[in-house]
Amino acid sequence: MSKSKIGYFKKENHLDVPVDMKMGRVPRPQDISYYAKQNNKASKVEYHESDRLEVKQVIRNKPGIRLAIRGLLINKQVDKDPGLVLPQNANSTDVPLIGEHVNVVERDGIVYFTTIVNRKGSLNENSIPGVVGEYTPNTKYGKNFKRTEVKPIKLKESSILREGRFGEAIHFDGSNNEPTIKISTQNKSTTEELYRKENPDDKNTSSIYLTSEGDDVKGKKVLIQSNGIFITGRSEVKINAPNLSVTENETKLGNRDGKVQPLVLGKDLMEFLNDLITDLLVLAPLIGSSGNSGGAATAGTKMTKSMTDLQMKLKTPNKFLSKTVKTV
């Protein structure tokens with residue numbers, strides 16, 4: 001018997017060791033040979049150095065133990081409890097649920113779990129409790145975990161996917177031999193299809209697409225789409241682009257919720273000021289001739305000069321209107 005915590009022996013053939021071959025008192029050589037072969041065949045076993053473990057306890061975020069599990073080995077006949085089981089990969093971690101089965105291996109006396117066994121084909125949970133040990137009715141998979149129906153993403157011929165339990169996904173999509181990375185979350189599906197097709201316009205989906213030349217978003221672009229997008233720069237936020245467009249209904253600068261003042265439409269304001277100055281230039285001579293004193297004439301002359309200077313400044317190209325910021 002192996003002293004390994006994990007390894008186990010399994011019979012290669014489902015045969016019983018022959019007890020009575022009903023040979024005569026003086027068996028023939030061929031009878032003895034046949035008996036030996038059958039006995040050897042029935043006794044033959046194969047050794048498995050890995051096993052599967054049913055998770056009974058999940059330990060998280062303890063001093064010195066970020067993640068570990070305890071459970072019972074499914075195939076080993078004795079010593080089914082291997083003790084504390086650690087994740088083998090330190091950089092990519094899947095936290096199992098109670099009742100899920102995980103593949104386990106032993107390295108240098110330490111037992112590790114590698115992957116969660118795909119028992120149900122479900123992204124949300126693959127728990128089958130009670131395969132080993134006592135079955136607990138209405139097993140709780142975790143302290144707060146609730147079973148949810150999650151539709152997997154529709155696969156393409158070159159897809160590499162990393163999908164979470166609740167509709168989160170990172171999709172390395174090489175459609176049309178062009179690199180695209182799609183990051184998305186979907187809280188519920190609105191179609192009856194078995195698999196969901198990624199759609200940034202789906203109101204139940206938040207997504208970030210990094211595209212090259214292919215897929216639904218044409219060109220080398222990053223598409224971020226959701227019901228609300230918040231960007232906070234504690235010191236500053238810089239956007240450097242030859243063309244920055246803000247579309248749809250309303251844009252607020254400075255304060256999103258409080259009292260704000262609307263922006264002036266530049267060209268409309270220029271036309272208004274030009275009309276005002278024109279009217280004042282017409283009015284100025286009338287003021288100058290409105291009285292017999294020299295004061296009225298002086299006031300009319302000054303007004304004409306001031307309005308003429310203002311009109312010249314107003315007509316100076318690119319003096320008041322921005323070359324880069326435009327609005328509707």
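Annotations
- Note on the chain: dipole from Cβ charges, positive end direction compared against THR232, PRO285, TYR8; the farthest Cα belongs to TYR8.
- Under a Gaussian network description of the chain, with springs only between Cα atoms under 10 Å, the residue in ASN318, ASN124, ASN89 that fluctuates furthest is ASN318.
- Two-decimal log10 I(q)/I(0) for region 151-254, as the Debye equation yields it once each C-alpha is a single scatterer, q = 0.20 Å⁻¹: -1.13
- DSSP bridge orientation in region 153-251 - percent antiparallel, rounded to nearest 5: 95 percent
- A straight line joining the Cα centroids of region 244-304 and region 46-63 runs 78 Å.
- Full extension of the chain between LEU86 and LEU263 gives 57.7 nm of extra length, using 0.36 nm per residue less the Cα-Cα distance.
- Dipole in debye (nearest 20) - region 266-314, about Cα centre, beta carbon charges: Lys, Arg +1; Asp, Glu -1: 220 debye
- Which labelled figure in (i) 1.12; (ii) 1.98; (iii) 0.99 is Cα Rg over 2.2 N^0.38 Å, once derived from the coordinates: (ii)
- Dipole of region 266-314, positive direction: furthest Cα of GLY294, SER306, GLY266, with charges on the beta-carbon: GLY294
- Computed magnitude of the charge dipole of region 190-328 (debye, nearest 20; Cβ of K, R +1, Cβ of D, E -1): 820 debye
- In degrees, nearest ten, helix 266-288 long axis to first principal axis of the chain (Cα): 10 degrees
- The length gained on full extension between ASN249 and LEU281, counted as 0.36 nm times the residue separation minus their Cα-Cα distance, comes to 7.6 nm.
- Here the dipole of the chain is about 800 debye; that uses its Cα centre as origin and unit charges on the Cβ of Lys and Arg (positive) and Asp and Glu (negative).
- Theoretical FRET efficiency, 1/(1+(r/R0)^6), r = Cβ-Cβ of THR232 and THR316, R0 56 Å, to 0.05: 0.90
- Approximate spin-label separation SER306-LYS120, in nm, with each point projected 7 Å along Cα-to-Cβ: 8.2 nm
- Radius of gyration over Kirkwood radius for region 255-327, both on Cα atoms: the Rg/Rh ratio is 1.20.
- Most mobile of LYS156, LYS203, LYS302 in a GNM of the chain (Cα contacts under 10 Å): LYS302
- In the calculated pair-distance distribution of region 90-207, the portion above 26 angstrom amounts to 33 percent of the Cα-Cα pairs.
- Look at the alpha carbon pairs under 8 Å that are at least 6 residues apart: their mean separation over the length of region 189-288 gives a relative contact order of 13 percent.
- Here the spin labels are modelled as points 7 Å beyond Cα on the Cα-Cβ line, and at ASN204 and ILE74 they lie 3.1 nm apart.
- Difference of contour (0.36 nm per residue) and Cα-Cα distance, TYR47 to PHE166: 39.0 nm
- Sequence-distant residues sharing a close amide H with GLU168 (under 5 Å, placed H): GLN186
Quick note: the coordinates plus some simple rules give every number you see, no bench work behind them. Model, not experiment: these values are computed from the prediction. All Cβ positions, glycine included, derive from the backbone under ideal geometry; neighbour counts span all protein chains shown.
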